[in-house]
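Sharing a structure, written as structure tokens. Questions coming.
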Amino acid sequence: MRPELKAVVRAGGLRRAGGSAPFSHGGTAGTWTVVAGVLGVGPSSARRTTERLLEQGSFDHVMVVGIAGGLDPALAVGGLIVPRQVRLYPDGALYRSHPLPSRHAEGGLMTTDGLLSTEEDWRAILESGFGAVDMEAAGVAEACEGASVDWSVYRGISDRPDEHIVDQTVFAMSKPDGSADLAAVGRYLIRDPRRARTLAHLNRSMGQAARTAATAAFADLVRS
């Protein structure tokens, strides 16, 4: 999403590039040449975008960097998960990541194609060994595995279901690129202006999570 890309650009000191979509920024990290762009929201969009990316040249490694919802009690808001395995909800293919030499990946990340809003849903995911959820990693993994390109995932925890902050109404206030639908936000706040404090908290948490993921990703690139 665009807010996640913003964190990546700042962490890596990237500059706007003039290349073809989906690339929008580029730079270097240690011995690596880095390009970055927005995948879009959801596993299908992520897969298609990654496939287009991989058609444009030769790549050594693809990183998914951004935010996730935490399920494991050990994953607090602002924490980091670099998962060893990724699966598409509920019983899709299981993909094992290929982390950089400087990073030990552990745990599991479940990719969903929407918001799971019931406690039964997220508890079942946690009990099956997946400590966090996102909406893109499995799509990227599928594309990379098909092209025999290494990949890894860096996700900062932006929220948890036991906080009861993100529901279907809040989830629907994002555009396809992840930016806020200001009209929808306005309607939401008109109904209850006190909700502004909750949205401000969520925005801060998302920013913190995105920065955590981006900082860790670039640190690992420099060390590898």
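Quick one: His25 ticks every box in (1) within 15 Å of Val140 (Cα to Cα); (2) more than 15 Å from the chain's Cα centre (by Cα); (3) open to solvent by less than 40 Å² (accessible area, probe 1.4 Å) except a single one, so which number is it?
Unmet for His25, out of (1) within 15 Å of Val140 (Cα to Cα); (2) more than 15 Å from the chain's Cα centre (by Cα); (3) open to solvent by less than 40 Å² (accessible area, probe 1.4 Å): (1).
Still on this structure: Can you pull out every residue in the stretch 64-100 that is out of contact with any Asp or Glu (no Cβ under 7 Å at 6 or more places or on another chain), open to solvent by less than 30 Å² (accessible area, probe 1.4 Å) and touching a residue at least 60 places away in the same chain (Cβ under 8 Å)?
Gly70, Leu71, Leu75, Gly78, Gly79, Ile81, Val82, Pro83, Val86
Against the condition within 23 Å of Ile157 (Cβ to Cβ), charged (D, E, K, R), at pLDDT below 95 and open to solvent by 50 Å² or more (accessible area, probe 1.4 Å), how does Arg187 come out, does it pass?
No, not satisfied.
Taking the residues in the stretch 193-208 that are open to solvent by less than 70 Å² (accessible area, probe 1.4 Å) and in contact with a Pro (Cβ under 9 Å, 6 or more places away or on another chain) as candidates, determine which candidate is farthest from Val77 (Cα to Cα).
If we take residues in the stretch 193-208 being open to solvent by less than 70 Å² (accessible area, probe 1.4 Å) and in contact with a Pro (Cβ under 9 Å, 6 or more places away or on another chain), then Gly207 is farthest from Val77 (Cα to Cα).
Let me ask something else. Which ones in the stretch 101-111 are open to solvent by less than 50 Å² (accessible area, probe 1.4 Å) and out of contact with any helix residue (DSSP H, G or I) (no Cβ under 8 Å at 6 or more places or on another chain)?
Ala105, Gly107, Gly108
Which residues, taken from the stretch 1-22, are open to solvent by 40 Å² or more (accessible area, probe 1.4 Å), part of a loop (DSSP other than H, G, I, E, B) and modelled with pLDDT under 90?
Met1, Ala17, Gly18, Gly19, Ser20, Ala21
Something else about it: Within the stretch 145-159, can you find the residues that are open to solvent by 30 Å² or more (accessible area, probe 1.4 Å) and within 17 Å of Ala74 (Cβ to Cβ)?
Hit for the stretch 145-159 is Asp159, nothing else.
Just name the residue that is least open to solvent (accessible area, probe 1.4 Å) out of those in the stretch 44-63 that are in contact with an Asp or Glu (Cβ under 6 Å, 6 or more places away or on another chain) and farther than 18 Å from Arg2 by Cβ.
Ranking the qualifying residues of the stretch 44-63, first place goes to His61.
Separate question: Every residue in the stretch 122-133 that is surrounded by 16 or more Cβ atoms within 10 Å (Cβ to Cβ) and more than 11 Å from Leu71 (Cα to Cα), please.
none
Output the residues belonging to the stretch 49-63 that are touching a residue at least 24 places away in the same chain (Cβ under 8 Å) and of a type in the set (Ser, Thr, Tyr).
The answer is Thr49, Thr50.
The values are calculated or read from the model by the stated rules, or taken from the named source; none is laboratory data. Not measured: the values here are computed from a predicted model. Glycine gets a Cβ as well: all are built from the backbone with ideal geometry, and neighbour counts include every protein chain shown. Heavy atoms of the whole protein, side chains included, go into the accessibility calculation; ligands, DNA and RNA do not. Shrake-Rupley method; radii C 1.70, N 1.55, O 1.52, S 1.80 Å.
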